[in-house]
1. Scan Leu45, Leu11, Leu61 and give me the residue that is in the same structural domain as Ala203 (by TED's automatic domain parsing) and touching a strand residue (DSSP E or B) at 6+ places or on another chain (Cβ under 7 Å).
2. Can you tell me how many residues in region 377-413 are loosely packed, with under 14 Cβ neighbours inside 10 Å, at pLDDT below 85 and among the polar types (S, T, N, Q)?
3. How about region 246-276: which of its residues are loosely packed, with under 13 Cβ neighbours inside 10 Å, part of a loop (DSSP other than H, G, I, E, B) and not polar (S, T, N, Q)?
4. Scanning region 229-245 for residues that are surrounded by 14 or more Cβ atoms within 10 Å (Cβ to Cβ) and more than 26 Å from the chain's Cα centre (by Cα), which turns out nearest to Val7 (Cα to Cα)?
5. Within region 431-439, is even one residue polar (S, T, N, Q), surrounded by fewer than 17 Cβ atoms within 10 Å (Cβ to Cβ) and within 24 Å of Val469 (Cα to Cα)?
6. Quick test for you: out of Asp316, Asp284, Asp275, pick the one residue that is in the same structural domain as Asn216 (by TED's automatic domain parsing) and within 24 Å of Ala62 (Cβ to Cβ).
7. State which residue is nearest to the chain's Cα centre (by Cα) when the search covers only region 363-378 and only residues that are in a helix (DSSP H, G or I) and either among the small types (Gly, Ala, Ser) or closer than 12 Å to Leu348 by Cα (or both).
8. Name the residue, out of Tyr87, Tyr92, that is out of contact with any Cys (no Cβ under 6 Å at 6 or more places or on another chain), among the hydroxyl-bearing types (Ser, Thr, Tyr) and without any contact (Cβ under 8 Å) to a residue 24 or more places away in the chain.
Amino acid sequence: MVVGLEVHCQLGTRTKLFCGCANDGFGMTANSRICPVCTGQPGVLPVLNKRAVELAFQAALALDCKLAATSIFARKNYFYPDLPKAYQISQYEEPFSQHGGLDTKLPDGSRKRVRIHRIHLEEDAGKLLHEIGSEELDYSLVDFNRSSVPLIEIVTEPDIRSSDEAYAYLTALKEVLQFVGVSRCDMEKGEMRCDANVSVMLAGSTKFGTRAEIKNVNSFKNVKDALEYEYRRQIEIIESGGTIKQETRLWDAVNMRTESMRSKEEAHDYRYFPDPDLVPLHADPVWVAKLKAALPELPEARRLRLASTFALSAYDAEVLTSEKTLSAYFDEAMSGRPKEFAKPLANLITTELLGRLNKEGKSIAESPVTPKMMASLVELTLNNTISSKGAKEVFAKAFETREDPKVLVEKLGLSQVLDEGQVKGWVSEALAANPQAAADLKSGKEAAAGRIVGAVMKLSKGKANPALVNKLIKEAVK
C-alpha cells in the first residue's frame with residue numbers, strides 16, 4: 001500500500017478568511033453568517049485575515065516546514081453549487097510553506113517521519129444539504145455559512161505504507177494542531193477532513209501504481225477502513241488482469257466500500273491563475289521569528305518531559321498529552337506541587353476522571369471536578385487523611401455534587417484512623433478471630449497477612465490506615 005494524505009483543517013479564527021463574517025456558522029441558522037464577499041456578489045473585493053495567516057504560519061513551523069519568503073494566492077476554477085464565485089481562492093504554484101515532516105509513533109512502538117510536501121492556505125466552500133431532519137429531499141439546498149472559512153491543506157509525500165500508519169499520522173497531526181491552537185480539529189463539525197491518495201505496488205518495487213483519491217473522509221476510523229478496502233479492491237483488479245483507473249472515489253461508511261465519483265482531474269482542469277484582487281503574501285522574518293517564539297511545547301516534547309521530570313510511565317504521559325485541554329487540566333492541578341504529587345494525580349485523572357467522563361459522554365472541559373478539587377483529593381490521599389479506596393468514593397460524590405473533597409470527607413466519614421492504640425486493638429481482635437492465619441503468618445507465610453488485613457479493615461469499617469495496619473500486624477506476630 002502506498003498512501004499520501006491531504007488534510008483540510010479549518011483555522012480557529014474569529015472571522016472568515018476574506019471578510020468580517022463570524023467563523024462560527026456550524027449549527028447556526030443556514031445562511032446567517034454571510035455577506036456579499038463570501039457569497040461572491042459582483043463588485044466586492046477580498047481582504048486577507050491576518051490572524052488566519054498567523055495560525056497557518058505557526059502550523060507550518062510546528063510541522064518543521066520551510067516558509068516561503070513570498071507566496072501567491074490563485075483562483076482554482078470549477079463550477080459546483082456550493083462555490084458561489086465559481087472559483088476557490090487557494091494557492092497552487094507558490095504555496096506559503098513546503099518540505100516539512102512529522103515524527104509519528106507507530107502501533108508497534110517504532111517511529112517514522114512522514115514527510116510533508118506542502119501546506120497551503122485557502123478558503124472553504126459552502127455546504128450542500130440533501131435532507132431536512134429525517135426527510136430526504138429530491139433537490140439540494142445550499143448553506144453558505146462555511147463559505148470562505150479559512151483552511152490550511154496539509155499534503156504529505158506518499159510515505160505511508162499501511163492503514164495503521166495513516167491512523168497514527170492523523171492522530172499525531174491532530175495533537176500538534178490542537179496544542180499550537182491552530183484549530184479544535186472537531187471532525188464532527190467538519191473542522192478536520194481528509195482526502196487519501198492510495199495505490200499499490202509489488203513488494204520490493206520502486207515504481208508506484210496508479211492511484212485513486214478517496215474524498216472527504218470524516219473520521220480517522222473511516223480513513224483506516226477506506227484504505228483497507230481500496231487496497232484489497234486494487235489488488236483484486238490487478239491480479240485478475242485488469243488495470244486501475246485514476247479516479248476520485250467516495251467512501252460509503254454504511255456499506256464499507258469505496259464508490260467511483262468521477263475521473264481524476266489534473267491541475268490544468270482547474271485553470272489556476274494568480275488572483276488579481278490579492279497581493280503577494282510576504283513572510284516578514286521578524287514577524288515569523290515572533291510566531292516561532294510563541295509556539296507552545298509540542299506533544300512529543302511534553303511527553304518526554306513528563307516522563308523524565310515526574311517519572312510518569314510512557315502510557316500516563318501519552319494519555320495526559322492526547323488532548324490540549326487534558327494537558328492543561330493536569331498542569332493546573334500540578335501547579336506548585338512537588339514531584340511525588342504527579343503519579344497519584346495522573347492515576348486519578350486517567351482512571352477515575354477519564355473513565356467517568358467517557359461513560360457520560362463529556363469532554364474534559366465539562367468536568368464537574370475542577371483541577372483544584374482534584375489536587376485537593378490527591379493531597380488528602382498523600383497525607384493519609386483518606387485511603388485510595390476512600391479517594392475513589394470522594395471523587396464519585398464530587399463528580400455528582402461539585403462539592404469540595406475536604407467537605408465530602410467529613411460528610412461521608414471517610415477520614416482514616418491513624419491512632420496506633422485504636423488500630424492495635426483492631427489488629428489484636430483480628431488475630432484472635434483468625435488463629436490459623438495468625439499461625440501461618442508467624443511461620444513465614446506472608447500471603448496470610450491479607451486475611452488479617454481484611455479482617456482489620458472490616459472491623460474498622462475501612463477507616464484504619466492500611467500502612468499502619470500492616471506495620472502493627474508485623475509487630476504483633478514477631
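1. Working: Leu45 fails: touching a strand residue (DSSP E or B) at 6+ places or on another chain (Cβ under 7 Å); Leu61 fails: touching a strand residue (DSSP E or B) at 6+ places or on another chain (Cβ under 7 Å).
Answer to the selection: Leu11.
2. 2
3. The answer is Val254, Met256, Glu266, Arg271, Pro276.
4. Residues of region 229-245 that are surrounded by 14 or more Cβ atoms within 10 Å (Cβ to Cβ), as a first pass: 229-231, 233-235, 237-238, 244.
Those still in the list that are more than 26 Å from the chain's Cα centre (by Cα) too: 231, 233-235, 237-238, 244.
Values: Tyr231: 20, Arg233: 23, Gln234: 23, Ile235: 25, Ile237: 28, Ile238: 28, Ile244: 24 Å.
Only one residue fits best here, namely Tyr231.
5. Start the filter on region 431-439 by keeping residues that are polar (S, T, N, Q), which leaves 434, 436.
From what's left, surrounded by fewer than 17 Cβ atoms within 10 Å (Cβ to Cβ): 436.
From the residues that got through so far, the ones that are within 24 Å of Val469 (Cα to Cα) too are 436.
The answer is yes, given that some residue of region 431-439 is polar (S, T, N, Q), surrounded by fewer than 17 Cβ atoms within 10 Å (Cβ to Cβ) and within 24 Å of Val469 (Cα to Cα).
6. On the way: Asp316 fails: in the same structural domain as Asn216 (by TED's automatic domain parsing); Asp275 fails: within 24 Å of Ala62 (Cβ to Cβ).
The conditions single out Asp284.
7. Just the residues of region 363-378 that are in a helix (DSSP H, G or I), to begin with: 364-366, 371-378.
Going one step further and asking which of them are either among the small types (Gly, Ala, Ser) or closer than 12 Å to Leu348 by Cα (or both), we end up with 365, 371, 373-378.
On the way: Ala365: 14, Pro371: 20, Met373: 25, Met374: 23, Ala375: 24, Ser376: 28, Leu377: 27, Val378: 26 Å.
Only one residue tops the list, namely Ala365.
8. Tyr87
The values are calculated or read from the model by the stated rules, or taken from the named source; none is laboratory data. What you see is a predicted model; the values in this text were computed from it and never measured. Cβ sites come from the backbone with ideal geometry, for glycine too, and all protein chains shown count toward neighbours.
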